[in-house]
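S.K.: Below is one structure. I have some questions about it.
The values are calculated or read from the model by the stated rules, or taken from the named source; none is laboratory data. This structure is a prediction, so every number in the text was calculated from the model and none was measured. Glycine gets a Cβ as well: all are built from the backbone with ideal geometry, and neighbour counts include every protein chain shown.
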Amino acid sequence: VKALTIQNPWAWCIARAAVDPEAKTIENRGWPTAYRGDLLIHAGRRVDTEACDHPLIMATALRWSGYPRHPAPAWVPPWEQGVGAVLAVATLVDDACGRRGMGCRCGPWAVPGQYHWRLSNVRQLAEPVPARGAQGLWTPPPEVEAAVREQLAVPA
Ligand SMILES: [Zn+2]
C-alpha cells in the first residue's frame, strides 16, 4: 500500500468523501502515477491556512457542521485536528482524464493543467493514525499500515 501526504484542509476534505458525496474525490498533482489501489490519505503537519476560505472547503465544512439545520456553531476547524496522521484510505482508480485536466469532467475540485487523481471508496478512520509524512508516494511503516488495517476491519 502507498500513502500520500496532503496538507489540511484538503486531506480532511478527502476523508469527508466517505460520507459526503460532494467532498473532494480528485487530488490534483503535477505528476502522473502508475500506482492503482489503496492509498493512505495522510494530513501533513502544516495547515494550508490560505485554503481555509476556499469556497469548496467552506461548503464542505458547512455540510459537516450541519448548517443550516443547526445555527452556525463556534466550531474549531476540524482540519486542525488529526494533522500529522493518516485520516482515511481511498482507492486510487485513475490519474488522467485524457487531456491533462483541460476541459475535462472531473468536477469542481479538479484544477486545470494538473493530473487528476481520481479517488473512490473513501474510508475515514475513526482514529487518525499518527505518521511522519514524506514527499511523493511513500510506503508507510508496517506498524502504521497495521493500525490502519485494524480499523478498516472493524464494521462501522
Ligand atoms: Zn480531469
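S.K.: How many residues does region 113-156 hold that are buried (at least 20 other Cβ atoms within 10 Å of the Cβ), over 26 Å from W31 (Cα atoms) and among the β-branched types (V, I, T)?
M.R.: 2
S.K.: Only one of (1) assigned to a helix (DSSP H, G or I); (2) loosely packed, with under 15 Cβ neighbours inside 10 Å is not met by L56, so which one is it?
M.R.: Single failed check for L56: (2).
S.K.: Read through the list (1) farther than 24 Å from T139 by Cβ; (2) touching a Ser or Thr at 6+ places or on another chain (Cβ under 9 Å); (3) among the charged types (D, E, K, R), then give the number of the only condition that R36 fails.
M.R.: Here R36 clears every test but (1).
S.K.: Taking region 79-97, which residues are of a type outside the set (S, T, N, Q) and either part of a loop (DSSP other than H, G, I, E, B) or within 16 Å of the ligand (Cβ to nearest atom) (or both)?
M.R.: G82, V83, G84, L92, V93, D94, D95, A96, C97
S.K.: Run C104 past the list (1) within 16 Å of the ligand (Cβ to nearest atom); (2) modelled with pLDDT of 90 or more; (3) on the phi < 0 side of the Ramachandran plot and report the number of the one that doesn't hold.
M.R.: Among (1) within 16 Å of the ligand (Cβ to nearest atom); (2) modelled with pLDDT of 90 or more; (3) on the phi < 0 side of the Ramachandran plot, the lone unmet condition for C104 is (2).
S.K.: Would region 60-76 turn up any residue that is at pLDDT 90 or above and among the aliphatic types (A, V, I, L, M)?
M.R.: Yes: region 60-76 contains one or more residues that are at pLDDT 90 or above and among the aliphatic types (A, V, I, L, M).
S.K.: Could you check region 113-128 and list, in sequence order, the residues that are within 14 Å of the ligand (Cβ to nearest atom) and either in contact with a helix residue (DSSP H, G or I) (Cβ under 7 Å, 6 or more places away or on another chain) or in contact (Cβ under 8 Å) with a residue 24 or more places away in the chain (or both)?
M.R.: Scanning region 113-128 gives Q114, Y115, H116, W117, R118, L119.
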